[in-house]
1. At 1.4 Å probe size, put B:255, A:129 in order of accessible surface, largest to smallest.
2. Suppose R0 equals 30 Å; then what is the FRET efficiency for residue A:383 and residue A:151 from their Cβ-Cβ distance, rounded to the nearest 0.05?
3. Which lysines does residue A:160 reach when only Cα atoms under 17 Å apart count, and residues fewer than 8 places away in its own chain are ignored?
4. On the protein heavy atoms, probe 1.4 angstrom, tell me the percent of accessible surface of the protein assembly as shown carried by carbon and sulfur.
5. Given a cut-off of under 8 Å on Cα pairs at least six residues apart, what relative contact order in percent is computed for chain B?
6. Just to confirm my numbers, what's the Cα centroid distance between region A:297-341 and region A:377-440 in Å?
7. Regarding region B:5-263, what are the three Cα extents along the principal axes, ordered largest first, in Å?
8. If I take every Cα pair under 8 Å that is 6 or more residues apart in chain A, average their sequence separation and divide by the length, what percent do I get for the relative contact order?
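The values are calculated or read from the model by the stated rules, or taken from the named source; none is laboratory data. This structure is a prediction, so every number in the text was calculated from the model and none was measured. FYI the Cβ positions are ideal-geometry reconstructions off the backbone, even for glycines, and counts take in every protein chain you see. Note: accessible area is taken over every heavy atom of the protein model, side chains too, but ligands, DNA and RNA are not part of it. Shrake-Rupley method; radii C 1.70, N 1.55, O 1.52, S 1.80 Å.
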Amino acid sequence: MVGDSRTQLVAAQLTRETLLALSKQLREPEWLQKRRLEAFDLYQQLPMPGPHLEEWRRTDLSGLALDSLTPYGQGMILEDELRRLIAFLKSLTGAPEGDRKEEWAGLLVQGSSGVLLQDQSEALKAQGVLFMDLRSAIREVPDLLQEYLMVRCIRPDEDKFRALHAAFLAGGTFLYVPRGVEIALPLISSVWIEGEGVAIFPHTLVVAESQSKVTLIEDHRSSGGEAQAFSAGAVELILGDGAHVRYISLGNWALNTWEVSTIRGILGRDATLHTLVASFGGNVVKVNVESILQGQGATSEMLGVFFGTGRQHFDFHTLQEHQSPHTTSDLLYKGALADRAYSVFAGLIRAHYGAQKTNAFQSNRNLILSDGARADSMPKLEIMANDLRCTHGASVSRIDEEYIFYLMSRGLTRIQAVHMIVDGFFSEVLDRLPLEGLREGLREEITKKMQGRGT
Amino acid sequence: MTADLIVRDLHVAVEEKVILKGVNLELKKGEIHALMGPNGSGKSTLANVLMGNPFYQVIKGEVLFKGEDLLSMSPDERARKGLFIAFQYPVSIPGVSFASFLRTAVSARRGYEKELMPISEFQKLVREKLGLLQLDPSILTRYVNDGFSGGEKKRAEILQLAMLEPEVAILDETDSGLDIDGVKVVAEGIQALYERSQGNLGILLITHYSRILKYIRPHTVHVMFDGRLVVSGGPDLAEELDARGYDWIREQYAVVTAEIQETGAVRRAGKVFWVQH
Ligand SMILES: Nc1ncnc2c1ncn2[C@@H]1O[C@H](COP(=O)(O)OP(=O)(O)O)[C@@H](O)[C@H]1O
Ligand SMILES: [Mg+2]
């Protein structure tokens, strides 16, 4: 076994006492402890979101036994599993076996909330790039954390889950890229929930100073089991002027895992943010993905792929917020739903007064593969500018029988034809990714999801 | 030798509407039959139903392909056994790579079960066939028929014919929508494939015009009218249709129809005949 035992709080629950004990155990600075306690108070005051709120009408969390969950669990993992995980992460970069140094700029693997593995190229360190787990960051660069951590981007008082997250946040990724530093190879971070009945609160904070360039791939997975696991995550992406960030979130949770997370980017002038959220795993997964185009000329591409099977439930609430003129957002979310899976997409384009010459595009396409599957798609516009280009489209459809017939008329079996069409359906998104290994990895996930499916 | 494709008294409906009203046809490998007829007479319906398009319902009749009951086979079984159709309007399938589709199809036809045919072998094969049809290799990197021009679509259909090496190919208006040069390329491609097959390919060439028949000489010409094959003859029939149009068939057909309604027997008026089954 490899792991970190410092955060083991046996049989603890999500209480104020647990929080205090944890903060003391980690010898956290006073400001952080104070923030945690304030957030915890907020958590207790804020109402549990429910169907009375438009945002939560279609996603039911009443089955989530929050009170019986233990924060963090044990940061342990079998060495075999760790090896397999690393092989997977390596495949994302398209790296040949045994050649890892060439293929990623940094690697971070965390089990529940302890660091299992950390690797970062010396060249990056020399350039002043910081890439580490959150706890190390609190120890090593407290000033940066105090300045940014849930202050400028996502705030604890926004809702109950963000408050809960702010109280217990631990694990996750801190990435700081100094001005003008461009990192060609991706940084990879993996978060793993080990054990059942566990709640984790991974926090990702990316500060990309002006004219910097970086790609971060985050993988999320859990060991599974009978009892529930839960992740309340938050990802803050702060882009300085002209910064260029690509952020990829892979949701490979086991089926016992619930997730409520927010990914939010704030873009400075002429900054570019690409996000991709790929959801294949999990039980009930709700992710809010937001691009705040604050600076003039900022651009955001927001991509999503999801594939629900069994009784999986995915909920994506997206926001394309245009605060300044000459900003562009381009959103494309595509999902396939089989068995009794259900997906919700609610996408809001908001263009503020004065956000002229704005381009906002939004498209959500859903492919229904079984009678019991369902997808709801709700585009929404709040446009206060009067000189802009805005398009949005949503569709929920089945595979066109004409496509199937065409492919079968060339000798493909029905199953082969359906696989090929579903693959093709996702290509529109995958083909936009410049990372070949990642594309292949996603295709493999899709193939796994299609296995034995022929309708 | 019995024919490889035997169609007997085939009746077909689309959404309750009867379109084919008793089609009879026999085709042997090595033969080229042209199927002509005015728009809407049911030519594409025949092609589609032979390939197993689920949109069309067979209400009566039988079809034998190499001695087996074709109508009980799924479309992919038909294809793997050597039946092929070049569609009049091929669908485009966004996102599906033409190359990987083609490789999967050829692998299926050649009996690969679990794996696909080796990539190098595939590439060699496809390169040769692309040349034959004067297609740019970049077509392989595109999505199936997606954004293809009219001519590209037709040539891509014939490329698939060339790759799959069927025993019976139905070509549904492969010549329409092409300019004169386009017709020439496609027709010469088909003719070359036919010659190379050395008697192992039978073609049912559905066409609206006789111009393609200048490149591909049919052994037999049939005319479809109102869901039936009402005239059959040699290559000169195509020329006659070219010169005279279809009106004379329409007139003779009307005579036959009227008589049939009275007597319910075999009738013939001029060249038009109709056997009541
Ligand atoms: N998919 C279809 N839906 C409805 N009607 C159809 C369809 N296909 C063919 N038909 C009808 O069947 C008849 C024959 O059409 P078709 O077989 O396409 O003729 P051709 O190929 O000889 O022009 C026409 O009346 C046409 O309207
Ligand atoms: Mg037709």
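1. Working: B:255 70, A:129 5 Å².
The residues order as B:255, A:129, largest area first.
2. On the way: r = 30 Å, r/R0 = 0.99.
Given R0 = 30 Å and the Cβ-Cβ separation, E is 0.50.
3. Hits, sequence-local ones excluded: A:286.
4. Working: 14120 of 29060 Å².
Exposed carbon and sulfur together represent 49 percent of the surface.
5. Values: 498 pairs, mean separation 66.1, N = 277.
Averaging sequence separation for qualifying contacts and normalising by length gives 24 percent for chain B.
6. 13
7. 64, 39, 35
8. Details: 1203 pairs, mean separation 46.6, N = 455.
RCO, chain A: 10 percent.
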